[in-house]
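As structure tokens, the structure follows; a few thoughts come after it.
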Amino acid sequence: MKQFVPDNTIFVWDEKKDYKPNIRKSILKGYKGNRTNDPAPHQNNEVIKSILYTMGINSIFPRELEADDIVAYICREHDGDKVIISVDRDFLQLVSAECTMYDPIRKRFFEERNFEKQTGFVDVEQWFTAKCLTGDKSDNVPGIPGFGKASVKRYFEDPGYMLDEKQREIFKRNVDIFCLDKYESLPEEANYYKEQLEVKVEPCYKAFLEYCREYSFKRILDKKEDWHNLFFMKSLYNKLNDIAS
């Protein structure tokens, strides 16, 4: 927040409050079947949500789809500049003139103007095509057998390169899995996102500070004035925005 000072901040979760089976598993049974069921990484989720609410940050959740689809909905259905903060490279397909992706670990920006330099692909479409050809091991989605960097390069450089029938089936399946526009054919899902996005969360600096003390967030406690000013400016912006609307 301090780096970007946004007009609005949204935290998106893969957790499902209103559960429905993941639609992508009907396309590929083993989708994300390699993920661990270890609950340890999620043991502090409720605390994190509470802290976010004290900061005036809304948390929203999917039903049939995933967090990625919510981010896609926000980026494509809402005007204005957006910044996706994530290490998940699946979001590269959302990079556009109005949407930037920022990797906080590597401290790298992915923008339309530097896309080729950062990814090695001339544009989003080429990057997405390569992903569908090669698959994604982290999601347990196999690509076309034998397709690696050399095959992808040959595919793009040779205008006469043709996939055989079996290869086209795999490619089309992967397009169906990886694309983030599924909410367009699921109006109930899209409306669910819309309803959650309309919920306004009022920031509470005192409650936030109590959490900081409880969990020894020393870097924040040492700069309380910075955070107080940030809360004040966000609160003022929200009030002015309400008046204007």
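The values are calculated or read from the model by the stated rules, or taken from the named source; none is laboratory data. What you are looking at is a predicted structure, and each value in this text was computed from that prediction instead of being measured. Cβ sites come from the backbone with ideal geometry, for glycine too, and all protein chains shown count toward neighbours. SASA here: full protein model, heavy atoms, side chains in, ligands and nucleic acids out. Shrake-Rupley method; radii C 1.70, N 1.55, O 1.52, S 1.80 Å.
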Residues of the range 147-192 classified as of a type in the set (D, E, K, R) and either outside any helix (DSSP H, G or I) or farther than 30 Å from residue 19 by Cβ (or both), total: 11
Residue satisfying condition, being over 27 Å from the mean Cα position of the chain (by Cα), modelled with pLDDT under 90, among the charged types (D, E, K, R) and open to solvent by 70 Å² or more (accessible area, probe 1.4 Å), within set 223, 239, 200: 239
Qualifying residues in the range 118-128 (those that are without any contact (Cβ under 8 Å) to a residue 12 or more places away in the chain and not in a loop (DSSP other than H, G, I, E, B)) - the one surrounded by the fewest Cβ atoms within 10 Å (Cβ to Cβ): 125
The range 27-42 - residue that is open to solvent by 50 Å² or more (accessible area, probe 1.4 Å) and of a type in the set (D, E, K, R) and, of those, nearest to the chain's Cα centre (by Cα): 35
Test set (1) among the small types (Gly, Ala, Ser); (2) within 23 Å of residue 1 (Cα to Cα); (3) out of contact with any helix residue (DSSP H, G or I) (no Cβ under 9 Å at 6 or more places or on another chain) - residue 207 fails condition number: (3)
Qualifying positions in the range 43-100 - under 17 Å from residue 136 (Cβ atoms) and either open to solvent by 40 Å² or more (accessible area, probe 1.4 Å) or touching a Ser or Thr at 6+ places or on another chain (Cβ under 6 Å) (or both): 87, 88, 89
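Yes or no, residue by residue, for (1) under 30 Å from residue 224 (Cβ atoms); (2) part of a helix (DSSP H, G or I):
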position	(1), (2)
3	yes, no
11	yes, no
19	no, no
71	no, yes
Filter result for residue 114 (of a type outside the set (Phe, Trp, Tyr), surrounded by 10 or more Cβ atoms within 10 Å (Cβ to Cβ) and over 21 Å from residue 12 (Cβ atoms)): yes
Cβ pairs under 8 Å, 6+ apart, first in the range 100-112 and farther than 12 Å from residue 89 by Cβ, second loosely packed, with under 10 Cβ neighbours inside 10 Å and modelled with pLDDT of 95 or more: 112/97
Residue selected from the range 203-218 under the condition outside any helix (DSSP H, G or I) and not polar (S, T, N, Q), by the criterion surrounded by the fewest Cβ atoms within 10 Å (Cβ to Cβ): 215
